[in-house]
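Only one structure is covered here, and it is reproduced in the block below.
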Amino acid sequence: MLTVILVVVGVILLTIALVKLVDKFIPSKLKPVLMIALWVLIGFLGYQTFMSIYNPILFNQEKEKRYAKVIKSLEDIRDAQLAHRTVTGKFAGNWDNLVKFIDTAQFTLTQRRDSSVVDEELTRRYGGVETFKDIVIIDTLGFRSVKDSLFKGSDKYKNMMNVPVGEEGAKFKLQAGFLEQNDINIPVFEASVKKSVVLFDQPKDLVMQENEVVSVEGVNGDEIKVGSMEEVKTIGNWPKTYGTKKD
């Protein structure tokens with residue numbers, strides 16, 4: 001972009017120099033037409049220079065608004081998936097199963113308390129002298145629906161697969177499975193959308209630049225995503241300045 005600006009500024013300066021040459025060397029009859037044409041060209045190039053600076057500003061403002069909405073949806077998806085893992089031991093691999101889970105599943109409400117009981121083996125070992133051992137007792141207090149816990153009676157989860165901004169009709173890509181670590185299968189998931197979908201109507205050159213972002217203050221790569229199918233994590237690839245919930 002800097003190169004474009006320098007070229008446009010150079011052309012403007014050259015055009016101004018031509019205006020002066022026209023004023024000095026061109027016959028009087030031709031001067032008005034040429035002068036008007038040159039000043040129009042100067043105005044056009046000035047406008048192009050201004051827009052080359054202003055367009056990226058507008059793009060970044062719009063990008064941040066859209067990213068914030070997309071990230072909010074991805075956070076809702078993550079919360080739903082974490083609840084699914086808590087109840088079932090794994091993540092949901094498709095939207096129908098995840099929505100059905102939220103509709104019907106319940107969290108078990110429990111209470112942990114410390115207690116002690118007679119350790120029969122040690123009591124026998126010590127000739128009948130009662131010896132106690134500490135234990136943890138988990139009491140079931142009741143149940144609460146996942147839907148009420150996560151979405152407080154709202155049914156917005158039924159549309160959480162839809163990308164809220166950008167290309168009409170676009171949906172988040174959802175994947176789930178297991179990764180083996182130390183002979184243990186650990187559940188993983190990933191929900192994602194391409195930046196080009198979110199920014200589909202924005203200048204293509206600026207979208208291409210955004211796809212190549214590698215920065216601690218930006219959303220790295222060509223997509224916005226939460227979770228991973230390649231490593232065990234449930235955080236998103238956005239900086240904390242975007243997220244509204246703690247990662």
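Assorted remarks:
- Residues that are closer than 19 Å to Trp238 by Cβ and either aromatic (Phe, Trp, Tyr) or in contact (Cβ under 8 Å) with a residue 40 or more places away in the chain (or both), drawn from the range 172-191: Phe172, Leu174, Gln175, Val188, Phe189, Ala191
- Look at the range 44-62: where a residue is in a helix (DSSP H, G or I) and a partner is open to solvent by less than 90 Å² (accessible area, probe 1.4 Å) and at pLDDT 70 or above, sitting 6+ places away or on another chain with Cβ atoms under 6 Å, you get Phe59/Gln202; Phe59/Leu206.
- Residues satisfying the stated conditions in the range 62-77, i.e. out of contact with any Asp or Glu (no Cβ under 9 Å at 6 or more places or on another chain) and open to solvent by 10 Å² or more (accessible area, probe 1.4 Å): Glu62, Glu64, Lys65, Arg66, Ala68, Lys69, Lys72, Ser73, Asp76
- Scanning the range 205-223 for residues that are open to solvent by 60 Å² or more (accessible area, probe 1.4 Å) and among the charged types (D, E, K, R) turns up Asp205, Glu212, Glu217, Asp222.
- Residue check, Lys63 more than 30 Å from Asp148 (Cβ to Cβ), modelled with pLDDT under 70 and of a type outside the set (Val, Ile, Thr): no
- Search result, residues across the range 86-103 that are touching a Pro at 6+ places or on another chain (Cβ under 6 Å) and open to solvent by 20 Å² or more (accessible area, probe 1.4 Å): Lys90
- Among the criteria (1) polar (S, T, N, Q); (2) surrounded by 14 or more Cβ atoms within 10 Å (Cβ to Cβ); (3) in a strand (DSSP E or B), the one Asn185 does not fulfil is (2).
- For the range 204-213, the criterion of being touching a residue at least 12 places away in the same chain (Cβ under 8 Å), in a helix (DSSP H, G or I), among the hydrophobic types (A, V, I, L, M, F, W, C) and over 22 Å from Ala80 (Cα atoms) is satisfied by at least one residue.
- Asp201 outside any loop (DSSP other than H, G, I, E, B), among the charged types (D, E, K, R), open to solvent by 50 Å² or more (accessible area, probe 1.4 Å) and more than 26 Å from Trp95 (Cα to Cα): no
- In the range 148-182, residue most open to solvent (accessible area, probe 1.4 Å) [restricted to those that are among the basic types (Lys, Arg) and not in a strand (DSSP E or B)]: Lys152
The values are calculated or read from the model by the stated rules, or taken from the named source; none is laboratory data. This structure is a prediction, so every number in the text was calculated from the model and none was measured. Neighbour counts are summed over all protein chains in view; Cβ atoms, including those assigned to glycine, are modelled from backbone coordinates with ideal geometry. Surface areas here come from the heavy atoms of the whole protein model, side chains and all, with no ligands, DNA or RNA. Shrake-Rupley method; radii C 1.70, N 1.55, O 1.52, S 1.80 Å.
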